[in-house]
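Read through the structure below, which is laid out as structure tokens, and then see the notes.
Every read-out reported here was derived from the displayed coordinates using simple, explicitly stated rules and does not represent laboratory data. Just so it is clear, the structure is predicted and the values come from calculations on it, not from any experiment. Cβ sites come from the backbone with ideal geometry, for glycine too, and all protein chains shown count toward neighbours.
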Amino acid sequence: MLKLDLDLKKVTQKLDGITKATQEAVRPAAQAGAQVLYERVRQEAPVSKAAHNFHIEGRVYGPFKPGSLRDSVYQVYAQGKSNNRKATYEVSFNHSEAPYGFMVLRGTSQLPANDFIGRAYDIASTAAAVVVKTRLENSIKKAK
């Protein structure tokens with residue numbers, strides 16, 4: 001008679017450690033990727049040469065200092081869209097600090113669209129994905 005005992009306790013512990021390390025690394029890895037996008041959005045945001053106003057429905061808003069749109073760019077952890085397996089960060093501009101941002105982004109009848117956020121994504125999304133992947137891989141390697 002042949003008897004085979006297989007104890008998977010150590011394998012299970014190792015897998016549990018890798019799972020835990022990955023879950024702990026998800027948010028920092030996502031933030032590192034968001035940082036790459038955030039920096040590129042700020043680079044792509046248009047900056048006027050002088051203080052400016054914007055007009056909508058006969059009202060004048062401003063003046064806004066040069067760089068106010070760029071300076072309003074932020075990144076934030078989207079807790080409601082995240083869990084221990086997925087972390088979501090959003091990069092956008094602050095509508096209170098630069099309420100004219102959508103007019104810049106989408107254009108008006110007198111101003112062509114300047115989709116600086118989309119352009120930044122096109123330029124930096126691959127680099128951001130590499131940063132996320134590298135962070136996650138390093139966390140898994142440490143757990144092994």
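Among 13-23, 95-105, how do they line up by average Cβ neighbours within 10 Å per residue, starting with the highest?
So the order, starting with the most tightly packed, is 95-105, 13-23.
Taking 0.36 nm per intervening residue step and subtracting the Cα-Cα distance, what contour gain separates residue 14 from residue 129 on full extension?
Length difference between fully extended and current span is 38.8 nm.
At a Cα cut-off below 20 Å, give the lysines reachable from residue 14, other chains included and same-chain residues fewer than 8 away excluded.
The qualifying lysines are 141, 142, 144.
Each residue of the range 6-20 in order: what ³J(HN,Hα) in whole Hz does its phi give by Karplus 6.51 cos²θ - 1.76 cosθ + 1.60, θ = phi - 60°, with x for Gly and Pro?
So the Karplus estimates, Gly and Pro as x, are 10, 9, 8, 4, 5, 5, 4, 4, 5, 5, 4, x, 5, 4, 5 Hz.
Around residue 73, which amide H atoms from residues at least 5 apart in sequence, or from another chain, sit under 5 Å from its own amide H, with H modelled in the peptide plane?
94
Can you tell me which of 73-85, 37-49 comes out highest on packing, and rank the rest after it, using the mean Cβ neighbours within 10 Å?
37-49, 73-85
Would you please give the FRET efficiency between residue 119 and residue 142, computed as 1/(1 + (r/R0)^6) with r the Cβ-Cβ distance and R0 = 41 Å, to the nearest 0.05?
Efficiency for this residue pair is about 0.70.
For labels at residue 5 and residue 47 in the simple 7 Å Cα→Cβ model, what's the distance in nm?
If labels sit at residue 5 and residue 47, their model points lie 7.0 nm apart.
Can you work out ³J(HN,Hα) from phi for every residue in the range 35-42, in order, using Karplus 6.51 cos²θ - 1.76 cosθ + 1.60 and θ = phi - 60°, giving whole Hz and x for Gly and Pro?
Working through the residues one at a time gives 4, 4, 5, 4, 5, 6, 4, 4 Hz.
Helix 116-143 versus the longest principal axis of the chain: what is the Cα-based angle in degrees, 0 to 90, to the nearest 10?
Computed tilt is about 20 degrees.
Using only alpha carbon pairs under 8 Å that are at least six residues apart, calculate the relative contact order of the chain and give it in whole percent.
It comes to 32 percent, rounded to a whole number.
Taking only DSSP H segments of four or more residues, each worth -39500 (n - 2.57), what value at 222 nm results for the chain once the sum is divided by all its residues, to the nearest 500 deg cm²/dmol?
-17500 deg cm²/dmol
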